[in-house]
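The values are calculated or read from the model by the stated rules, or taken from the named source; none is laboratory data. As the structure is a prediction and not an experimental result, all values here were calculated from the model. For accessibility, only protein heavy atoms count, side chains too; no ligands or nucleic acids. Shrake-Rupley method; radii C 1.70, N 1.55, O 1.52, S 1.80 Å.
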Amino acid sequence: MSTRRHLGILTAAVLTAASLTACGGSGDDAGGSGKTLTYWASNQGASIEADKTILQPELDKFEKQTGIKVKLEVVPWSDLLNKLLAAATSGQGPDVVNIGNTWSASLQATGALVEFDDATLQAVGGKDRFVPAALA
């Protein structure tokens, strides 16, 4: 799978997650207009700049559709876990982050992740908005 396609799929997941976290921690109103989300993207491409070049147009489309601005920070994998742990400890983490599944359990144990329960699913339109493998 090409890097561009991989990042495109990742962006779609992030935009869905952004909808989920729109009532999260940036402090603006949750109605969309004027809301800003912070998104930490793990570095997936050849460079941080390449990831920004690929992701930013998709985030701009998301802002145009929703009124929600996304502040993008691409973080190298080598720094991401320590940054996430510090964020979990301080309570000053991003609204949205993409991580691999190897870190999910330990980060969930810290209380750093939003529980994806039935009410949360309903807030973003239900299970039908996700491919089954994403929820398995």
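Residues Ser47, Ser106, Ser78, ordered by accessible area of protein heavy atoms at a 1.4 angstrom probe radius and largest first, appear as Ser78, Ser106, Ser47.
Please give the contour-minus-distance gain from Ala86 to Val114: 0.36 nm per residue of separation, less the Cα-Cα distance, rounded to one decimal in nm. Working shown, then result.
Details: separation 28, 0.36 × 28 = 10.08 nm, distance 1.68 nm.
Going from the current span to full extension adds 8.4 nm.
Could you work out how far the C-alpha centroid of the range 36-54 sits from that of the range 56-112, in angstrom? If you average the Cα positions of each part, the centres end up 11 Å apart. An ellipsoid equivalent to the range 90-136, defined through the eigenvalues of its Cα gyration tensor, has semi-axes of 21, 14, 10 Å when rounded to whole angstrom and sorted largest first.
Across the protein chains, with a 1.4 Å probe defining accessible surface, the residues Lys69, Lys35, Lys52 rank Lys69, Lys52, Lys35 from largest area downward. Structural descriptor for the range 38-136: relative contact order 31 percent, calculated from alpha carbon pairs under 8 angstrom and at least 6 residues apart. Accessible area of Thr102 (1.4 Å probe, protein heavy atoms only, ligands and nucleic acids ignored): about 110 Å².
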